[in-house]
Amino acid sequence: MRNRKLRFVALLLVAVMAAFTFSACGKGTSSSDSGTKGTDKADASDTTTAAGDDKTTADGNNGTTGNLADMTALEVSKIMGNGINLGNTMESGDRKKLGTEAAIKLYETNWGQPETTEDMVKGMKAAGFDTLRIPIAWTCAINYEDGDYTIRKEFMDRIDEIVNYALNADMFVVINDHWDNQWWGRFGDEDESVREGAMTLYKEMWRQIAEHFADYDERLIYESANEELGNRLNDNWQNTSGNQSGVLTKDECYETVNKINQTFVDVVRAAGGNNDHRFLLIAGYDTNIDSTCDDRYKMPTDSATSKLLVSVHYYDPSGYCLDNGSGSWGMKTHYQDMNTTLKKLTKFTEAGYGVIIGEWGVLHKADEIAEGLREGTLLYMENFLDNCDLYGYVPLLWDTNGAYGKDICAMRDNDMAKIFTAHSYAVISEYDETEYLTKVGKDIAAAEEAAPDYVVEDGTAWIMYNSSDWGTVYAVGDKHPADMTEGVVAEEPIVTEAGTYTVSLDFTGTKAGFANSTAFSAIGIYKGEELNPGYVINITEILVNGQPYELNGTPYTTSDDQFTTRVNLYNGWIPYDESTGYIGSVPDEARADSGVNLEECSAIILDPATLGEKVETISVTFEYGPAK
């Protein structure tokens, strides 16, 4: 990188002002008023700064004529800056609702987003975003059930068009297969022919995509999958509610993930053009950082040298980051958890792979940010982006017309806009690299040191809770961070020895006055694995709104992190079938009394349907002690 210039401050001010010059988007270009159908490739006059003062000239037909093609994944990560997702847009095509022959506009707007215009994408670039990720549901345009794997031309044309919006705005672009009507569950089906059909669909899909974009320059990056590449290979592909029905064990899921990713690389490399050296983004296991850092996850072999990046997502703590979540972030434990988790990904950078955090963000509604969440959101974003700069990761903000306003083609919050602009490649490249990384490292350490402590006494027992609408949250996470909806009152005994204890939550003091059923809930004992290793939790009574509640199954005791002892009350992400029990997925560390068959246990003790829409109070009484 170049030495830092005195004109840095002026550059920053100009960049920030540019982010807000788009007071309105204008009509722009959409699929309905453009006759090019994606043929308007990136012009040869477009340039992408590659390193130092060198320039890389891009041409959608002929590839780069500069040094971008010669870069490694680690090198290109530095110039991809930070980016943004075109969320809930081209992945919103619902096959059951729309079929495969509907107007392309309906697939694009099915989840409430407006049609994408060129001005929207230009505004993203002006706001400091250097990379655009375009999630795509390709099967809404493929009649694969009939053995025809052809991607509908009109759909491909629209993807082509949006890709070129970004390339013409001098952005990197990432395209993937995203959610996609849950077809991924076919990989875990008990019928081997269904699994083989899934791989055929996957190969044919990526063959067509890679061949179509073969001559696009190296700023276009393919991503092998999304969050579905992992445990969700066992999804019930015949039921979009997401119920598990697959038969793969956890080890088999890992093996299948590795096989799919290897197939992705092989298919793309064989597709000709710039695909023989294109940068490829390899989806991590569940795109979860810990699961992807597991040694069972393997990066593919590649005929190209140093062209692979790994993709993970980060929404921790989920109770704070997701829609309608809890109301605070900024305690020391929050900083420590973020800093520690993100550092784990250096496992990949040290091995020569780039790292893209394909989704992250604090997804509160704009009015909620104005009501008090704003300060924590800004602290979260600043520390997160500092970590990404320190380790060379590429962060791609998940956004669905929230932080970035598609109606105004600019960020909605001025202070948030300044944060993203300050972390853009144009600004960071003005620093001396060593000086900048030293500064960022000091900023991260100072922020953590200055943050207030959230003290949790060893042995604290509590109920983790997310309501079904994610509008009411209490302390979801193995380290009991201070993430809670205002007004929740908790009963949390100290559990350091065998005995009978009761934990409870009272939601009547929240704004709604109740929690709407549950999307996730569990009992946790802070530091229980260290205090009393091998102890089990046996639930003896659950009261909901003061009335006895009949357990929906037999629980088991476990620990995700070998720190907090846990019993799931409702965990819908654990593969389980009511007729056959766990699909070989009982955690290795699961335990129960000797007379209990773990295969008959369940992570679903509460039934959201019978729990009711208005949970005002919930209490759980349990016996705690050595396994009997």
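The values are calculated or read from the model by the stated rules, or taken from the named source; none is laboratory data. Please read these numbers as outputs of a predicted model, since none were measured by experiment. Positions of Cβ are backbone-derived with ideal geometry, glycine not excepted, and every protein chain shown enters the neighbour counts. Only protein heavy atoms, including side chains, enter the accessible area calculation; ligands, DNA and RNA are left aside. Shrake-Rupley method; radii C 1.70, N 1.55, O 1.52, S 1.80 Å.
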(Q) Restricting to the range 268-288, and then to whatever is surrounded by 22 or more Cβ atoms within 10 Å (Cβ to Cβ) and of a type in the set (A, V, I, L, M, F, W, C), can you tell me which residue is nearest to T249 (Cα to Cα)? (A) A283
Q) Are any residues in the range 447-494 under 29 Å from N387 (Cα atoms), among the hydrophobic types (A, V, I, L, M, F, W, C) and more than 24 Å from the chain's Cα centre (by Cα), and if so, which ones? A) A447, A450, A451, V455, V456
**Q.** Matching option when the condition is charged (D, E, K, R), buried (at least 18 other Cβ atoms within 10 Å of the Cβ) and touching a helix residue (DSSP H, G or I) at 6+ places or on another chain (Cβ under 8 Å), among D415, D399, D386
**A.** D386
Q. For the range 295-319, which residues satisfy the criterion of being open to solvent by 30 Å² or more (accessible area, probe 1.4 Å) and among the polar types (S, T, N, Q)?
A. T301, S303, T305, S306, S318
Q: Please indicate, with yes or no, whether at least one residue in the range 105-113 is modelled with pLDDT under 95 and outside any helix (DSSP H, G or I).
A: no
Q. Are any residues in the range 203-243 part of a loop (DSSP other than H, G, I, E, B), of a type outside the set (A, V, I, L, M) and open to solvent by less than 50 Å² (accessible area, probe 1.4 Å), and if so, which ones?
A. F213, Y216, D217, E218, R219, S224, N226, E228, G230, N236, G242
(Q) Can you report the number of residues in the range 117-129 which are buried (at least 24 other Cβ atoms within 10 Å of the Cβ) and assigned to a loop (DSSP other than H, G, I, E, B)? (A) 3
Q) Given the structure, is L132 under 18 Å from I282 (Cα atoms) and surrounded by 23 or more Cβ atoms within 10 Å (Cβ to Cβ)? A) yes
Q. Within the range 533-548, can one find any residue that is touching a residue at least 24 places away in the same chain (Cβ under 8 Å), within 31 Å of the chain's Cα centre (by Cα) and outside any strand (DSSP E or B)?
A. no
Q | Close pairs (6 angstrom Cβ cut-off, 6 or more residues apart or separate chains): closer than 23 Å to D177 by Cα and among the charged types (D, E, K, R) in the range 349-362, buried (at least 21 other Cβ atoms within 10 Å of the Cβ) and at pLDDT 95 or above anywhere | A | E359/H313; E359/W398
Q: Taking only the range 557-570 into account, find how many residues are closer than 21 Å to A519 by Cβ and in contact with a strand residue (DSSP E or B) (Cβ under 6 Å, 6 or more places away or on another chain).
A: 7
Q: Looking at (1) surrounded by 21 or more Cβ atoms within 10 Å (Cβ to Cβ); (2) modelled with pLDDT of 95 or more; (3) in a loop (DSSP other than H, G, I, E, B), find the lone condition where G246 falls short.
A: (2)
Q) Taking the range 465-480 as the search range and keeping residues that are of a type outside the set (S, T, N, Q) and open to solvent by 10 Å² or more (accessible area, probe 1.4 Å), which one is nearest to S328 (Cα to Cα)? A) Y474
